[in-house]
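A.B. asks: Pasting in a structure now, in structure tokens, and then I'll have a few things to ask.
The values are calculated or read from the model by the stated rules, or taken from the named source; none is laboratory data. Keep in mind it's a predicted model, so treat the numbers as computed, not measured. Don't worry about glycine lacking a Cβ; one is built from the backbone with ideal geometry, like all the others, and counts go over all protein chains shown. Just the protein is used for accessible areas: all its heavy atoms, side chains included, with ligands, DNA and RNA removed. Shrake-Rupley method; radii C 1.70, N 1.55, O 1.52, S 1.80 Å.
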Amino acid sequence: MLPTPRLVIHALAAAFMLLGVGVAADARADVRVWNYHVLGDPFTIEDPGEFGAMRIVGTRNGSFSGAVAVESDEPIEGLRANLTTSLASDDGAIADDHVQVRYALPWERTNSRPPGLDILQAEAPRTINAEQSDRILAGVWVTVAIPDDLAPGTYRGELTINARNLDPQTVDIELTVIDWRAPDPGDWRTWIEMIQSPDTLAIEYDLELWSDEHFDMIARSFELIRTSGSRVVYVPLIRETNQGNEQSMVRWIRKADGSLEPDYSIMERYLDIAQEHLGELDLVVFYAWDAYLVMEYRGNSYEERPEVDESAGAYAQTQQRRNQQRWDMRQKGLTVTIIDEATGEVEEDGRLPLYLDAEASREIWKPVYDELRVRMRSRGLEDAMALSMVTDVEPTREEVEFFNEVTGGLPWIAHSHPSRISGKPSPNNALRSVGDITYQAHAYNLVYQVNPEEGRMYGWDVPERRAYLCRFGLLNGPPLRVRQMPLLNITGNQRGVGRLGGDFWTAVRDGRGRRAGQAFARYPENHWRGLNINSWFLAPGVDGPVATARLENLREGVLECEARIVIESVLIDDARRQQLDPDLAERAQQVLDDHHWVMWRSIWTNEEELRMLGRISGRSTYEAIWGGLSNAGVDMPGFWEGAARNKRSEEDRKGLAWYVAESNWQDINERLFTIAAEVQRAAE
């Protein structure tokens, strides 16, 4: 579908309305209102074309969005939009409180900032100018939470847009509701892990950790993260972690006699809020181990302080110095938060014995984990308990055995480059041959399926809980790539996407007040090189966290996955497939294959080469395609050569533009949701 052209409106703007000073009475501002797709970047659109209705395609019990852009040659002042005609059809209407109008704005100019109009604010700034981009451009988003009992059909309404230098403009809205009820987020089978960052909120809004205001912000973050389908919560038992936790949530109270007593009050309140605002939890992860505790890695022992090889390259020396910092930090003991009972003050550098001081640590931690089990059991969460963090570095066998003993055998999770549990569902003894890994997000050994005619894969159905980990920052990139990522993986050999940052934006500022780093930048001893969390799906609003265009696209992409899963779970089950008319089964598979093919066509535009590819593997889709084509006999430049980078960039740019403008993606989704409803009814 070609983008709809631009409507150019020359609106009379009186000087006292704009600047409060006298200018010529015939001064005019060139203001344009035009359509753009929510999965695109409007800054890349130079000629949007004819202005038309805002089209939204959705399903019952799902939320779906449409958007228009407002562009001006002069600052846009007083931008406001509201629903002036409710969405309705001959069969009913949608209450206005199911319709959310937001304003899409760009990020500040920082490194690795997400592109486009990404931040979705409830209110537009008083003035929108070109400080954050080269064009004065804002988006108006309409998001409809479609009731689960709504009659299918086309619902029409009107949105009115106003600004000081813009005559009121009416935007027609056309919402197509498909007769498929999307499952509730808690029932989604597509795996999403999005991590909440208490410290980012405290830094951004200058809040005291664990104050009432801080917990209110955390609740708002969980409400937003909930829409992604993530049901994972982290409880740090150590401080200064790779996730940027300044304090541990289980804190230690130092009594007058010097003894220490664990305090669970912060953890309890955090979990109260998580269960209320995030929903039923899949994992409660007790963060107990991090990189600074490493004793050995790739055959190197860190029993003694590492040395720096002055003849080595700059990168190698940087890593060697980082290992020295870790060694120095470990010598002081285990990092925890200790509170002086008499003063209520946090000790500057609270420490406990290291885990390998087994006798002392056993006396400390066995009662703690016993108590954690009791508390989790009372919440119905004992089976959700897990330990972290295993990354490219990991605890020694002795440490894993220690944790097995004091925790009663709690499993671990892993975020790392290689996969430790592919083909090894839990329990698996995948950690040092003695510890169980119950979930992993990994960056290597990712498997995808390109051409359905060469075979199909059902990652959502693999027995192990294993997900894609993005280490290239792609998920802070174009919204379309975010939308596709769950689908690429559940049609490959992964159950979804993990290690996503929720409110992990760059809240740490430099001396000039510029956004310079994420919360974990404060603790370099626990950096994980390329595995640091490099994406965030929430944004800093005026008075708290808000959603982004990428979060909305992620959620809509997961709903596409869930429609596929409804269909595929019937097609791959012989008994259930027999309940379908053969024609329906054939049509359903064709819709799935068309939906799948269009996705890959947006990534690699050469269809002849795509048809050469079946099952491919790599650290990214492009690396996997590169290897697959090379194996198929296509002459490809070396993957890391400049010519190869240029070709990948060109394919990505062309594919994005084609999908947004020409693929008719909304029609394809309409067919997907429609056939999901047919299959679901036939197989009930």
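A.B. asks: Given the conditions (1) open to solvent by 20 Å² or more (accessible area, probe 1.4 Å); (2) touching a residue at least 12 places away in the same chain (Cβ under 8 Å), report the number of the one that Asn429 does not fulfil.
C.D. replies: (2)
Residue-by-condition table, conditions (1) outside any helix (DSSP H, G or I); (2) of a type in the set (Gly, Ala, Ser); (3) over 24 Å from Ile668 (Cβ atoms):
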{"site": "Ala547", "(1), (2), (3)": "yes, yes, yes"}
{"site": "Glu552", "(1), (2), (3)": "no, no, no"}
{"site": "Arg555", "(1), (2), (3)": "no, no, no"}
{"site": "Ala563", "(1), (2), (3)": "no, yes, no"}
{"site": "Val570", "(1), (2), (3)": "no, no, no"}
{"site": "Ala575", "(1), (2), (3)": "no, yes, yes"}
{"site": "Gln579", "(1), (2), (3)": "yes, no, yes"}
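A.B. asks: Then there's this: So which of Phe472, Phe402 ends up being under 30 Å from Phe43 (Cα atoms) and not basic (Lys, Arg)? Reasoning before the result, please.
C.D. replies: Numbers: Phe402 fails: under 30 Å from Phe43 (Cα atoms).
Step by step, each of Phe472, Phe402 is checked, and only Phe472 is under 30 Å from Phe43 (Cα atoms) and not basic (Lys, Arg).
A.B. asks: Here's a follow-up. Mind telling me which of the residues Thr190, Thr227 ends up being open to solvent by 10 Å² or more (accessible area, probe 1.4 Å) and within 19 Å of the chain's Cα centre (by Cα)? Let's see the steps before the verdict.
C.D. replies: Details: Thr190 fails: open to solvent by 10 Å² or more (accessible area, probe 1.4 Å).
Answer to the selection: Thr227.
A.B. asks: Now a separate question. Given the conditions (1) closer than 20 Å to Glu662 by Cα; (2) buried (at least 22 other Cβ atoms within 10 Å of the Cβ); (3) of a type outside the set (Lys, Arg), report the number of the one that Glu50 does not fulfil.
C.D. replies: Every condition holds for Glu50 apart from (2).
A.B. asks: Report, by residue number, each residue of the range 329-349 that is in contact (Cβ under 8 Å) with a residue 40 or more places away in the chain and closer than 29 Å to Asn300 by Cα.
C.D. replies: Taking the range 329-349 first, the residues in contact (Cβ under 8 Å) with a residue 40 or more places away in the chain are 329, 334-342, 346-347.
Once the filter is applied, which keeps residues that are in contact (Cβ under 8 Å) with a residue 40 or more places away in the chain and closer than 29 Å to Asn300 by Cα, the range 329-349 yields Met329, Leu334, Thr335, Val336.
A.B. asks: Right, something else. Can you confirm whether the range 513-526 contains a residue that is within 29 Å of Ser663 (Cα to Cα) and hydrophobic (A, V, I, L, M, F, W, C)? Even if it seems obvious, please write down each step before you answer.
C.D. replies: Within the range 513-526, the first condition is being within 29 Å of Ser663 (Cα to Cα), and the residues that meet it are none.
No - not one qualifying residue is present in the range 513-526.
A.B. asks: Report whether or not Thr84 is assigned to a strand (DSSP E or B), open to solvent by 60 Å² or more (accessible area, probe 1.4 Å), among the hydroxyl-bearing types (Ser, Thr, Tyr) and modelled with pLDDT of 50 or more.
C.D. replies: Details: assigned to a strand (DSSP E or B): yes; open to solvent by 60 Å² or more (accessible area, probe 1.4 Å): yes; among the hydroxyl-bearing types (Ser, Thr, Tyr): yes; modelled with pLDDT of 50 or more: yes.
Taking the combined requirement at face value, the residue satisfies it.
A.B. asks: Among the residues of the range 128-159, count how many are open to solvent by 20 Å² or more (accessible area, probe 1.4 Å), at pLDDT 95 or above and either in contact with a helix residue (DSSP H, G or I) (Cβ under 7 Å, 6 or more places away or on another chain) or under 18 Å from Val31 (Cα atoms) (or both).
C.D. replies: Looking only at that region, the number is 2.
A.B. asks: Among the numbered criteria (1) within 25 Å of Asn553 (Cβ to Cβ); (2) modelled with pLDDT under 95, which single criterion is violated by Ile668?
C.D. replies: (2)
A.B. asks: With respect to Ala521, is the statement that it is touching a residue at least 40 places away in the same chain (Cβ under 8 Å) and not in a strand (DSSP E or B) true?
C.D. replies: Numbers: touching a residue at least 40 places away in the same chain (Cβ under 8 Å): yes; not in a strand (DSSP E or B): yes.
Yes.
A.B. asks: Residues to consider are Ser301, Ser311, Ser221, Ser259; find the one that is buried (at least 23 other Cβ atoms within 10 Å of the Cβ) and farther than 16 Å from Glu525 by Cβ. Even if it seems obvious, please write down each step before you answer.
C.D. replies: On the way: Ser301 fails: buried (at least 23 other Cβ atoms within 10 Å of the Cβ); Ser311 fails: buried (at least 23 other Cβ atoms within 10 Å of the Cβ); Ser259 fails: buried (at least 23 other Cβ atoms within 10 Å of the Cβ).
Checking each option against the conditions leaves just Ser221.
A.B. asks: I've got another one for you. Among the residues of the range 281-293, is any more than 27 Å from Thr438 (Cβ to Cβ) and either among the hydroxyl-bearing types (Ser, Thr, Tyr) or open to solvent by less than 60 Å² (accessible area, probe 1.4 Å) (or both)?
C.D. replies: Taking the range 281-293 as the starting set, the residues that turn out to be more than 27 Å from Thr438 (Cβ to Cβ) are none.
So far as the range 281-293 goes, no, none of its residues is more than 27 Å from Thr438 (Cβ to Cβ) and either among the hydroxyl-bearing types (Ser, Thr, Tyr) or open to solvent by less than 60 Å² (accessible area, probe 1.4 Å) (or both).
A.B. asks: List every residue pair whose Cβ atoms lie under 8 Å apart, where the two residues are 6 or more positions apart in sequence or sit on different chains, the first residue falls within the range 379-405 and is more than 22 Å from Val233 (Cβ to Cβ) and open to solvent by less than 50 Å² (accessible area, probe 1.4 Å), and the second residue, located anywhere, is part of a helix (DSSP H, G or I) and small (Gly, Ala, Ser).
C.D. replies: Going by the 8 Å Cβ cut-off, the qualifying pairs are Val393/Ala291; Phe402/Ala358; Phe402/Ser361.
A.B. asks: Going residue by residue through the range 131-153, is there one that turns out to be closer than 20 Å to His37 by Cβ, of a type in the set (Ser, Thr, Tyr) and more than 27 Å from the chain's Cα centre (by Cα)?
C.D. replies: The answer is no, given that none of the residues of the range 131-153 is closer than 20 Å to His37 by Cβ, of a type in the set (Ser, Thr, Tyr) and more than 27 Å from the chain's Cα centre (by Cα).
A.B. asks: Determine if the range 338-357 includes at least one residue that is at pLDDT 90 or above, over 19 Å from Gln247 (Cβ atoms), of a type in the set (D, E, K, R) and surrounded by fewer than 18 Cβ atoms within 10 Å (Cβ to Cβ).
C.D. replies: Yes: one or more hits.
A.B. asks: Here's something else I'd like to know. Here are some conditions: (1) more than 15 Å from Arg555 (Cα to Cα); (2) aromatic (Phe, Trp, Tyr); (3) under 16 Å from the mean Cα position of the chain (by Cα). Phe222 meets all but one. Which one does it not meet?
C.D. replies: For Phe222, the failing item is (1).
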